[in-house]
Amino acid sequence: MSSTAVEYGTFEATVARSAAIEKELASNPKKFRVLTGDRPTGALHIGHLFGSLRNRVRLQNLGVPIYIVIADYQVLTDRDTFENIAANVRELTLDYLAAGLDPDKDTCIFPHSHIPELNQLLLPFLTLVSMAELDRNPTVKEEIQAAGLTRINAGMYVYPVHQAADILFCKGNLVPVGKDQIPHLELSRVIARRFNDRFGRGQEVFPEPHPLLSEAPVILGLDGGQKMSKSRNNAIMLGATEDETAKLIKKAKTDSQRQITYDPANRPEVANLLLIVSLCNGQKPEKIAEEIGEQGSGKLKATVTEALNEHLRELRQRRAEFAKDPNLVSQVLKKGTARAREVAQETLAEVRKVMNMEF
Ligand code: TRP
């Protein structure tokens, strides 16, 4: 195994490769099959919109086939609660649809718990990695720390292998992810390679999936210092009303300097608010800062509120409409599940064949 060991790292190489792929996407969209996804832990916030949703919609509209896995089993790796999973899947799906992901295009949204043939790939995949490799995964280590787990369930160590099944069941070759997911992608690549070597005897059954690092900006929470997240109570949810949005921004942390400048290193809270405006209206943060100038943080906050509420208005209207239809989410997931299962069945048949398990 040592010659093809999992290599965590090589970030520069990943960035360069992403940039090259990005160029090809526009000219040859059908060459790619994008697979990406989320854990259903609740409704999404503006950090998700600017960080990943907008990029997915862009890929969809370029004509790239895109599979979006709702990783419901994965939720059970770092928490005991499962009572909210169904409600969370619903909220997540509504956010996807409101953001512009469209099941009538080449976009398939499905929960992995409903694709038995995908889950079945986990068993052969588990035989292709060592315990030591799973134990070394830096993202898993961080998650164990962050959740303060004292008793770690085996699913926590194994979920990156399950994630390989999420990606490879549909022969996904491109995975738009944030930096924290790169170790998992590296493992998926190793699993694809080892599967092809061992069972395919060199024939390519699975492609090696590439990460697509978008230039996703990191949006800080309204309390400044840390990443925006619902659990830290510092987020603006996509589905929030305009009034709620205004109230949250009013309470956002800034600093005591009156003159507004764009200085992310020394004035992270102000810079974050300027970045949000910039993501909404496409103007440069420096320019927005200059225009506000002496008018201080009151004017800055009014500008953020207006820009955000305007930018989200259509999305929120769509979300409210979609939420009124009690059947929409289950229809979307049913359609996605049927399509994902069809693909998964084909892949599993191929896997059984090369594994000499056709009886
Ligand atoms: N691990 C991802 C997260 O926590 C969610 C996920 C599950 C995923 N399966 C995936 C992401 C496959 C990309 C591809 O956000």
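The values are calculated or read from the model by the stated rules, or taken from the named source; none is laboratory data. This one's a predicted model, so the numbers in the text were calculated from it and none came from an experiment. Here the Cβ is made from the backbone with ideal geometry for all residues, glycine too, and neighbour counts use every protein chain on show. For the accessible areas, the whole protein counts, side chains as well, though only heavy atoms, and no ligand, DNA or RNA atoms are used. Shrake-Rupley method; radii C 1.70, N 1.55, O 1.52, S 1.80 Å.
Key figures for this structure:
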quantity	calculated
Filtered residues of the range 122-154 (kept if in contact (Cβ under 8 Å) with a residue 12 or more places away in the chain, assigned to a helix (DSSP H, G or I) and under 29 Å from PRO65 (Cβ atoms))	LEU122, PRO124, PHE125, LEU126, THR139
The listed residue being farther than 30 Å from PRO124 by Cβ and touching a Ser or Thr at 6+ places or on another chain (Cβ under 9 Å), out of VAL218, VAL277	VAL277
Matching residues, the range 64-104, being within 12 Å of the ligand (Cβ to nearest atom) and among the acidic types (Asp, Glu)	ASP72, ASP78
Sole residue being open to solvent by less than 50 Å² (accessible area, probe 1.4 Å), not assigned by TED's automatic domain parsing to the domain that holds ARG90 and either not in a helix (DSSP H, G or I) or not acidic (Asp, Glu) (or both), chosen from ALA340, ALA307	ALA307
Residue identified as open to solvent by less than 40 Å² (accessible area, probe 1.4 Å) and either within 11 Å of the ligand (Cβ to nearest atom) or within 19 Å of PRO211 (Cα to Cα) (or both) among ILE167, ILE144	ILE167
Residue satisfying condition, being out of contact with any strand residue (DSSP E or B) (no Cβ under 6 Å at 6 or more places or on another chain), hydrophobic (A, V, I, L, M, F, W, C) and either buried (at least 16 other Cβ atoms within 10 Å of the Cβ) or assigned by TED's automatic domain parsing to the domain that holds VAL175 (or both), within set ALA71, ALA16	ALA16
Residue check for PRO183: within 13 Å of the ligand (Cβ to nearest atom) and touching a Gly at 6+ places or on another chain (Cβ under 8 Å)	no
GLY298, sole failed condition from (1) out of contact with any helix residue (DSSP H, G or I) (no Cβ under 8 Å at 6 or more places or on another chain); (2) open to solvent by 70 Å² or more (accessible area, probe 1.4 Å); (3) part of a helix (DSSP H, G or I); (4) not β-branched (Val, Ile, Thr)	(2)
Of residues in the range 232-250 being touching a residue at least 60 places away in the same chain (Cβ under 8 Å) and assigned to a helix (DSSP H, G or I), the one least open to solvent (accessible area, probe 1.4 Å)	THR245
Which listed residue, of GLY224, GLY155, is under 30 Å from LEU248 (Cα atoms) and either open to solvent by 10 Å² or more (accessible area, probe 1.4 Å) or of a type outside the set (A, V, I, L, M) (or both)	GLY224
